[in-house]
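Student: One structure is given below, represented as structure tokens, and several questions about it will come after.
The values are calculated or read from the model by the stated rules, or taken from the named source; none is laboratory data. As the structure is a prediction and not an experimental result, all values here were calculated from the model. Cβ atoms come from the backbone with ideal geometry, glycine included; neighbour counts cover every protein chain shown.
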Amino acid sequence: MAFLIIGCSPKIDRLTAYPNLYNEKPLSIIVMPPINLSTKVGAKTSFYNTLTMPLAESGYYAFPASISMLFWKEQSAYDAELLIDKPMGVLNEMLGADAVLFTTIHSWRKVALTSSVEVEIEYLLKGALSDDVLYQRKGLLTVQSSSNSGSALADLATNVIKTALTKEVDVAQKCNEYTFQDMPRGKYSPLFGKDGTSGAGKKEFSVTVTQ
Amino acid sequence: MKKHFLALLTICLLASCAPQQMYYWGDYNKAVYDHQKEQTESSKKVLLKTFEEIISKSKKKATRKRVPPGIYADYGFHLLQDGQLEKGMRMLEKEKELYPESEQMVNYLMSQFK
């Protein structure tokens, strides 16, 4: 996996960018089904199932997507758009969640010429008890395969391979991994509480991510 | 020459930037996704095997040397759905032991299968 890093020198540190997250120190996070405003039907499932792993790698306890889904269905709460502005206390009461992650997929489109996928997505982490915004970023991410030569004609020849590389689930995973890079680390990370002076990424960003 | 230099530079950058993973995940994302899409006996088998593989290798791999958060619970849930009640419940208990913050969520799940 490789990231093309654009804008390497961040302007603010994480403590300044995400003060509420450092204050609340959430441990357990429940992921809401993504709000899918794009025309790509599979985007919702792809993102929903790939969000827990990077959260765990960032030091948090993320509830498994399958079990959360059982809960959302039982509660008829599959539509996150109806809940995003509501108080989240009930999730702490019923499941012990400290924080809730919302995602909104604004667009998902294939760029045929470069065999890449362009996704516009917003991440919003809210405190389950405080309802405060703990972390929020919006990105326009272009996910492309590393075999891309920059020449449309040469790429055409290897198109089959690249299509396989840009599977929906891989695209979602890349977007999540890239975005969460600047999320302050949680309790299970050796960096917990120590990364306040590390750089935060831009709140709204545009980036090309290669596989 | 320039190409080689760029490749080398990229490798150096990655080596210094990319943090080692805290947990071992095997083929988790793919297995979960495939099973959700296919919902077949064979996709279920692959998923259950993936959980077993993660659990057996976690103590030796990655930096935290622990089964990742949610894996015992997710495995337990799929065992329960498969009718393997006793083993499923045992896995759920393990999740609570390893990650006490999961207690309420796991209790909720257990209540769905009683």
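Quick grid of which residues meet (1) surrounded by fewer than 21 Cβ atoms within 10 Å (Cβ to Cβ); (2) out of contact with any Lys or Arg (no Cβ under 9 Å at 6 or more places or on another chain):
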site: A:A97; (1), (2): no, yes
site: A:V100; (1), (2): no, no
site: A:H106; (1), (2): yes, no
site: A:V111; (1), (2): yes, yes
site: A:T114; (1), (2): yes, yes
site: A:E118; (1), (2): yes, no
site: A:L124; (1), (2): yes, no
site: A:S130; (1), (2): yes, yes
site: A:Q136; (1), (2): yes, no
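Student: Scan segment B:86-112 residue by residue and report those that are more than 10 Å from chain A (Cβ to nearest Cβ) and of a type outside the set (A, V, I, L, M).
Tutor: B:E86, B:K87, B:G88, B:R90, B:E93, B:K94, B:K96, B:E97, B:S111
Student: Can you name the number of the only condition in (1) in contact with an Asp or Glu (Cβ under 6 Å, 6 or more places away or on another chain); (2) facing another protein chain (nearest Cβ under 8 Å); (3) exposed (fewer than 14 other Cβ atoms within 10 Å of the Cβ) that A:P87 fails?
Tutor: (2)
Student: How many residues, within segment B:32-71, are more than 10 Å from every other protein chain (Cβ to nearest Cβ) and among the aliphatic types (A, V, I, L, M)?
Tutor: First, pick out the residues of segment B:32-71 that are more than 10 Å from every other protein chain (Cβ to nearest Cβ): B:38-46, B:48-61, B:65, B:67.
Filter once more, so that each one left must be among the aliphatic types (A, V, I, L, M): B:46, B:48, B:54-55, B:67.
Residues flagged as more than 10 Å from every other protein chain (Cβ to nearest Cβ) and among the aliphatic types (A, V, I, L, M) within segment B:32-71 amount to 5.
Student: Test B:S111 against the stated conditions and say whether it is assigned to a helix (DSSP H, G or I) and touching a residue at least 12 places away in the same chain (Cβ under 8 Å). Break it down into steps so the answer makes sense when it comes.
Tutor: Working: assigned to a helix (DSSP H, G or I): yes; touching a residue at least 12 places away in the same chain (Cβ under 8 Å): no.
Here the answer is no, as B:S111 does not meet what is asked.
Student: Count, please, the residues in segment B:26-40 that happen to be hydroxyl-bearing (S, T, Y) and either buried (at least 21 other Cβ atoms within 10 Å of the Cβ) or modelled with pLDDT under 90 (or both). Show your work before the answer.
Tutor: First, pick out the residues of segment B:26-40 that are hydroxyl-bearing (S, T, Y): B:28, B:33, B:40.
From what is left, the residues that are either buried (at least 21 other Cβ atoms within 10 Å of the Cβ) or modelled with pLDDT under 90 (or both) are B:28, B:33.
Qualifying residue count, segment B:26-40: 2.
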